[in-house]
Amino acid sequence: AGLNLGERKAKAEKMFGLMDVFLKNDAVSLQKDILDHVEFTVARSRFNFDDFEAYQALAHSVRDRLIERWHDTHQYFKKKDPKRLYFLSLEFLMGRSLTNSVINLGIQDQYADALSQLGFDYEVLAEQEGDAALGNGGLARLAACQMDSLATLDYPAWGYGLRYQYGLFRQIIVDGFQHEQPDFWLNFGNPWEIERVHVSYPVKFYGTVEEEVLNGKTCRVWIPAESVEAVAYDNPIPGYGTRNAINLRLWAAKPSDQYDMESYTTGDYINAIVNRQKAETISNVLYPDDRSYQGKELRLKQQYFFVSASLQDIIRRFKDLHNNFDEFPEKVALQINDTHPSIAIAEVMRVLVDEEHLDWSKAWGIACKIFSVTIHAVQPEALEKVPIDLLGSVLPRHLEIIYEINYCLMEELKKILGQDYDKLSRMSIIEEGAVKCIRMANLSLACCHTVNGVSRLHLETLKTRVFKDFYELWPQKFQFKTNGVTQRRWIVVSNPSLCSIISKWLGTEAWIRNVDLIAGLREYAEDPDLHAEWKNMKKVNKMRLAEYIETLTSVKVSLDAMFDVQIKRIHEYKRQLLNILGIIHRYDCIKNMDESDKRRVVPRVCIIGGKAAPGYEVAKKIIKLCHVVADKVNIDPDVGDLLKVVFIPDYNVSVAELVIPGTDLSQHLSTAGHEASGTGCMKFLMNGSLLLATADGSAVEIAEEIGAANMFLFGAKVDEVPALREKGTSLKGSLQFARVVRMVRDGHFGFKDYFKSLCDTVEEGKDFYLLGSDFASYLEAQAAADRAFVDQEKWTQMSILSTAGSGKFSSDRTIEEYAEQSWGIEPCKCPF
Ligand code: 8GP
């Protein structure tokens, strides 16, 4: 403040010259730090503190190191002033921070040493941390993986989102039924965030729009009626093998300082306070539906709240060093993660036109250069629509702006399409219908310079179905960037034994930053020494998983069995039901075998986990079905260790870190054309689990990388799906299918009435997700997996080839593609 632009630049330069590394990382310094934090941060005596307190002190000591790098990085960004990427997402599924941070900082061994001298076990302390679950599923975890890659690859990037008080609900299972409990993850404080009380912005809602004359020009002016304060909470994200640490800035809502004078003067003191408190509810809770939108007022307010605060922050940063908005697109790239933040487009227009007084066409030109969007869904019904009345009431000026954008769009389209009113109405941002709505996706399509799909197949679906009209008009906008996951979390953190094996056989740790090198394992895919180490690694991980299963469910499982896993959100299209019906078939076969046949059965532990959206009845019935089948199978003496069924409750990121390394076979069963990409499959692939999958989403590209012979593909292909739906021969298609559905229907596992409607969903003619027509092929793929498992050398070879072929599915590759093809940003590596 008070300094002009040149002075500010000079000051930044000077500050940069003062930069140094202050915190030391030898065991003694780390011990001292931890004890200081025990004493002064946690306020416990250093002679008496428990594991949780030790974890808190440890976390604070790591946090100090993160902050140091974070400051240096931002000072350097400021000096260099590169084009920055701003990643706007309503959801980030970060999971735990401790182990990931310590590994990325490269000081895990030092910490482990320091702690053991103090009488603590690093791994035990790491288990004290709860998950940060500010997201639902794939989209949100992808955002977290991408933040890790952005930091590691030294990109000048920021993440922006919401700091929900309650993350995704905790799933508890009572008598086999899912119940939801609030996830109050901030109860014991959160050492990974830094509250920035001085970084806060007012976000306005409601009110009216009036006309004003300014410098002889008539302008529209928004007179809001409510103001809520957005306060920043910063979460440093360290890169691996670099000093860079970038920022994930999450906004929390606080009551505004602007007192509602009226209520105070009228003496309505209590109500005035209650109203102020209400403001905080905006960032209270994450919506737990991962696909359907509900057009709720609170949801719209959440979206605008974080978008408005983020844009104020971004524009302030820009104005710090620039005073001409022509330069904005050279300095700013805005990525919209799915359509949820797309109100940002209208907000940028409002700021540029109403506040910065640019003319409309100039402002629109700027907006079109800065925005890109990624779509994560396939189903058109997953695309958000906001009722016009709602938008007009919460954000009256934005509604006007959207109308104006739509008017320009329609004029442009009419010139090209002429009188094709059907097409015009499909492409319009406004949907006319019983409830008039804004189509958020169309708003994004009208403005963004790039529209990304998340796998090659997904882009095809977007081009030929979901956004066909737009694709025909603007083919150059449409791209795909196949998703990826970070090998730092999904190998280095979660599977240390595999990590050492890879480094040992490749003779380098360089693959942790450049995962393409992992292909070097192919050379040793038949080496007996590697096989021995590999099998041992699997066994150790299976032991850990078996212990976890026993603690949670009291089911004892045999380590010789094939651990067969399906973990992901429960959805009809993901077909957990197909899995369970397959298990019932297996059970039925075993029951009808004589002892000599049984000896040939490959023992299985079938593990299913995942949350159902609270209002999604069919998904909840699938969870219950899994439990009743488990109850019957697991105690059946005819079956013994040949088959065990386990439902893992409360699936989340840290559970995944435990389950994936211990998996032999993982299942990805979506009806072809329904999974945009899938990212779980990539984590399993990296960990050497074999994949049993449909030719859907990224599985198609995985098959290309590792060779279809190294996985178990089954089921209808995308282009066969429509005809199969037409034919509607689900039950006739497979007698075996009819039989297992009948078992459920007839109450073989109890709860006959309860499961009736579930069985109806796969009844002939109604089987939208084609369980019936894919069943025979599914069983064949399962049989092929059994045969492969019998030959352990062959299996191990396939497993090695899976890991070796996983290089393409690193989020590092994805992020480099985005940086080059969508964002136009370059690395900016802090030189210390
Ligand atoms: C998911 C897709 O279902 C999955 O195929 C993909 O791999 C992942 O996004 C990352 O691209 N979609 C969602 O999680 C999703 O749409 N969630 C939204 C509403 C919260």
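Values in this text are rule-based calculations from the coordinates and carry no lab data. All values derive from a computational prediction rather than experimental measurement. Don't worry about glycine lacking a Cβ; one is built from the backbone with ideal geometry, like all the others, and counts go over all protein chains shown.
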inquiry  = Give me the Å³ per residue figure for the convex hull around the C-alpha atoms of the range 532-675.
reply    = 122
CD proxy at 222 nm, helix term only [per DSSP H run n ≥ 4: -39500 (n - 2.57); per residue of the chain; nearest 500] = -14000 deg cm²/dmol
request  = Just list whichever of 535/644; 78/319; 535/794; 556/632; 385/621; 568/624 have alpha carbons separated by over 19 Å in the model shown.
outcome  = 535/644; 385/621
request  = Measure out, as a whole number of angstrom, how far apart the alpha-carbon centroids of the range 404-422 and the range 497-564 sit.
outcome  = 57
remark   = Kirkwood-based Rg/Rh on the Cα set of the range 30-102 evaluates to 1.12
query = Relative contact order for the chain: what is it in percent, counting Cα pairs under 8 Å that are at least 6 residues apart?
reply = 14
remark   = Scoring the range 139-250 by relative contact order with C-alpha pairs under 8 Å, at least six apart, yields a percentage of 32
At 1.306 mPa s and 10 °C, Stokes D of the range 583-637 from Kirkwood alpha-carbon radius, µm² per second = 122
note = Footprinting proxy, 509, 91: sorted fewest to most Cβ within 10 Å, the residues are 509, 91
query = Over 30 Å between Cα atoms, which of 204/683; 436/756; 80/481 qualify?
reply = 204/683; 436/756
ask   = Quick one: Cα convex hull volume of the range 451-589, Å³ per residue?
value = 194
message = For the chain, take the longest principal axis of its alpha carbons; what is the angle in degrees between that and the long axis of helix 108-117, to the nearest 10 within 0 to 90?
response = 80
query = How high is the FRET efficiency from residue 186 to residue 424, r the C-beta distance, R0 45 Å, rounded to 0.05?
reply = 0.40
key: Order of 644, 254, 319 under a 10 Å beta carbon neighbour criterion, fewest first   = 319, 254, 644
query = Tilt of helix 496-506 relative to the longest C-alpha principal axis of the chain, in degrees (0 to 90, nearest 10)?
reply = 90
request  = Rounded to whole Hz and in sequence order, give me ³J(HN,Hα) for the range 772-780 from the Karplus expression 6.51 cos²θ - 1.76 cosθ + 1.60, θ = phi - 60°, writing x for Gly and Pro.
outcome  = x, 6, 8, 4, 4, 5, 4, 5, 5
note = For 408-418, 794-804, ranked highest to lowest by mean beta-carbon neighbours within 10 Å, the order is 794-804, 408-418
message = Modelling each spin label as a point 7 Å along the Cα-to-Cβ direction, I'd like the residue 273/residue 362 distance in nm, to one decimal.
response = 5.0
inquiry  = Could you tell me how far the Cα centroid of the range 755-832 sits from the Cα centroid of the range 435-485, in Å?
reply    = 23
task = Enumerate the amide H contacts of residue 248 below 5 Å, restricted to partners 5 or more residues apart or on another chain; note that Pro and chain-start residues carry no placed amide H.
result = 159, 235, 237
task = For the chain, state what percent of all Cα-Cα pairs lands in each successive 10 Å bin, counting from 0 Å until the bin that includes the largest distance.
result = 2, 12, 22, 25, 20, 12, 5, 1, 0, 0
request  = Please report 503, 811 as a ranked list, fewest other C-beta atoms within 10 angstrom at the top and most at the bottom.
outcome  = 503, 811
Calculated P(r) of the range 50-144 - Cα pairs past 21 Å, % = 48
Whole-Å semi-axes of the range 105-264's equivalent ellipsoid (Cα gyration tensor) = 40, 23, 17
task = Please list, or write none, the aspartates and glutamates whose alpha carbon is within less than 13 Å of the alpha carbon of residue 83, excluding same-chain residues fewer than 8 places away.
result = 154, 327, 330, 820, 826
ask   = Efficiency by 1/(1 + (r/R0)^6): what FRET value for residue 117 and residue 820, r their Cβ-Cβ distance, R0 = 56 Å, to the nearest 0.05?
value = 0.75
ask   = Cα to Cα, under 19 Å, and not fewer than 8 places away if on the same chain: which lysines meet these conditions relative to residue 414?
value = 423, 468
query = What FRET efficiency comes out for the pair residue 550/residue 52, r = Cβ-Cβ distance, R0 = 25 Å, nearest 0.05?
reply = 0.55
task = Please compute the Cα-Cα pair-distance distribution of the range 343-409 with 5 Å bins starting at 0, giving whole percents from short to long.
result = 4, 15, 23, 22, 19, 13, 4, 1
note = In whole percent, the Cα-Cα distances of the range 191-338 spread across 5 Å bins from 0 upward as 2, 7, 12, 15, 17, 18, 13, 8, 5, 2, 1, 0, 0
task = Note the angle between two axes, namely the Cα long axis of helix 792-804 and the longest principal axis of the Cα atoms of the chain, as a number of degrees from 0 to 90, rounded to the nearest 10.
result = 10
remark   = For the pair residue 7 and residue 539, the simple spin-label estimate (label points 7 Å beyond Cα toward Cβ) gives in nm 7.2
query = Given 0.36 nm per residue, what is the gain on full extension from residue 24 to residue 752 after removing their alpha carbon distance, in nm?
reply = 255.6 nm
query = When every alpha-carbon pair in the range 731-832 is counted, what percent end up more than 15 Å apart?
reply = 77
request  = Compute the distance in nm between two label points, each set 7 Å from the Cα along the Cα-to-Cβ direction, one at residue 322 and one at residue 589.
outcome  = 6.3
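Among DSSP bridges having both ends in the chain, what percentage is antiparallel? Round to the nearest 5. Don't skip to the end; give the middle numbers.
On the way: 39 of 86 bridges.
Of all bridge pairs located within the chain, approximately 45 percent are antiparallel.
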Amide H partners (placed H, <5 Å) of residue 207, local residues excluded = 225
query = Dividing the alpha-carbon radius of gyration of the range 256-377 by 2.2 N^0.38 Å (N being the number of residues), what value is obtained?
reply = 1.32
task = State, in angstrom, two size descriptors of the range 730-771 derived from its alpha carbons: Rg to one decimal place and Dmax to the nearest whole number.
result = 9.9, 26
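Count neighbours as other Cβ atoms within 10 Å of each site's Cβ, and list the chymotrypsin sites (Phe, Trp or Tyr not before Pro) in the range 255-342 that are DSSP loop with at most 12 such neighbours.
259
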